[in-house]
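Presented below is the structure to which this report refers.
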Amino acid sequence: MNDSWPKQDTLEHDGLEIAWLDWGGDGDPLVLLHPNGFCAGIYDPLAKQLKSSFRVVAVDLRGHGSSEFVVDENRLGNDDMAADVLAIVDHLNLENFYLLGVSLGGGVAIETAALAKERVKSLMLIEAIAMPITDEASHEQFSQQPRGSHPLAVGARKRRVVWPDRATVIESYGSRPPLNSLAKEALEAYANWGFKDREDGQIELACAPETEAIIFDSNRYGPIESFKTLSDVETPSSVLYGSESDLSPAWFEKQAEILGVQVEKIDGSHFFLFEDTERAEKIIRSHFLRSTDE
């Protein structure tokens, strides 16, 4: 291993170029899936700590990071992204693997685990966006909400796309919620991998605001469908959420109930995994390597 890691590569799947980062490492493969609007590189500080026990790979979900630009709602479903993940693990000959997903990545991880029952050794869902709808009337009401009305979609479309440099991004994002809670090294990793260099010397968001907004706003195989898919997951699982999350704990309690496990509350926000790298490493080791002497 040397300073040139992680290695970045792409493959074509479903007519799109899908990218991933590979840190190498020892042990069984661990596949990491990121939140909406982020990228595989957000895991860089954590992956470097974990590679002594795992072969660490993180996927740029379609439309994010170095994966191909997508703003077609019909191509941004959690099921589509799960198929991309499996195409990459097949390409890398990863027969069995641990799987972790945060936020959007958690919804995609559910779909992946359901499709690859015999291959996922253990599943960790962190603030997974998988929403229980208790009755058909609620489902119909949710499905018929005006497009563009989701507050996170509205916010995403207001994002500044072009910035002078990464130092300015870090200063700006690090001074206000929600990213001011991120560990310094995690925010720097996002600035490094989540922005693309432009010919004019400036940088721009790798995930287009419209892509992020469509995923927040879409009814095309998203949180409701992924919640229903939980009943198809057979692998040993963990469900974690942040004590200061804006999301309802009832979501995660219901997810854990379906998976037959106890939900775990961790100090921090929706992005608690990226708030303390040392703590995140311990959490992952304790869940995926329960026999390891911490």
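Since every read-out is calculated from the coordinates, none of them should be taken as a lab result. In this text, all values refer to a predicted model and were calculated from it rather than measured experimentally. Neighbour counts are summed over all protein chains in view; Cβ atoms, including those assigned to glycine, are modelled from backbone coordinates with ideal geometry.
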Quotient of C-alpha Rg and 2.2 N^0.38 Å, computed over the stretch 164-250: 1.44
Residue 231-residue 9 pseudo-label distance in nm [points 7 Å out on the Cα-to-Cβ vector]: 3.9
Long-range amide H partners of residue 195 with built H, under 5 Å: 206
Candidate lysines for bridging to residue 158, where Cα separation is under 19 Å - those fewer than 8 sequence places away on the same chain excluded: 196
Cubic angstrom per residue, convex hull over Cα atoms of the stretch 187-294: 157
Calculated Rg and Dmax of the stretch 47-132 using C-alpha coordinates, Å: 12.9, 39
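Given Cα pairs under 8 Å that are at least 6 residues apart, what percent is the relative contact order of the chain? Working shown, then result.
Working: 592 pairs, mean separation 58.6, N = 294.
With pairs under 8 Å counted, the relative contact order is 20 percent.
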Separation between Cα centres of the stretch 52-105 and the stretch 195-238, rounded to whole Å: 10
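Using the Cα atoms of the chain to build a convex hull, what is its mean projected area in square nanometres? All intermediate terms of the calculation are to be shown ahead of the outcome.
Values: hull surface 59.1 nm².
One quarter of the hull surface, i.e. the mean projection, equals 14.8 nm².
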Residue-by-residue Karplus 3J(HN,Hα) for the stretch 255-260, coefficients 6.51, -1.76, 1.60, Hz, glycine and proline x: 4, 5, 4, 5, 7, x
Helix-only mean residue ellipticity at 222 nm for the chain, each DSSP H run of n ≥ 4 adding -39500 (n - 2.57), per residue, nearest 500: -10500 deg cm²/dmol
Estimated inter-spin distance, residue 278 and residue 96, nm [label 7 Å along Cα→Cβ]: 3.3
Residue 204 versus residue 286: modelled label distance in nm, points set 7 Å from Cα along the beta carbon direction: 4.4
Gain in span if fully extended, residue 246 to residue 158, counting 0.36 nm per residue against the direct Cα distance: 29.7 nm
In Hz, Karplus ³J(HN,Hα) per residue of the stretch 188-198 (6.51, -1.76, 1.60; θ = phi - 60°; x = Gly, Pro): 5, 5, 4, 4, 6, 9, x, 10, 10, 6, 9
Cut-off under 5 Å, modelled amide H: who pairs with residue 61 long-range: 34, 40
Rg and Dmax of the stretch 1-107, Cα atoms only, in Å: 12.9, 40
Set of lysines near residue 282 by C-alpha distance (under 23 Å), chain-local residues within fewer than 8 positions excluded: 48, 51, 121, 184, 265
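Could you work out the equivalent-ellipsoid semi-axes for the stretch 245-294, taking the square root of 5 times each eigenvalue of the Cα gyration tensor, largest first, in whole Å? Write out the running numbers ahead of the final one.
Values: eigenvalues 90, 57, 7 Å².
So the three semi-axes of the stretch 245-294 are 21, 17, 6 Å.
Using +1 on the beta carbon of Lys and Arg, -1 on that of Asp and Glu, and nothing else charged, what's the dipole of the stretch 8-91 about the Cα centre, debye to 20?
Numbers: 5 positive and 16 negative charges, 91 e Å.
Its charge dipole is roughly 440 debye.
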Amide hydrogen neighbours beyond the local backbone of residue 221, cut-off 5 Å, H modeled: none
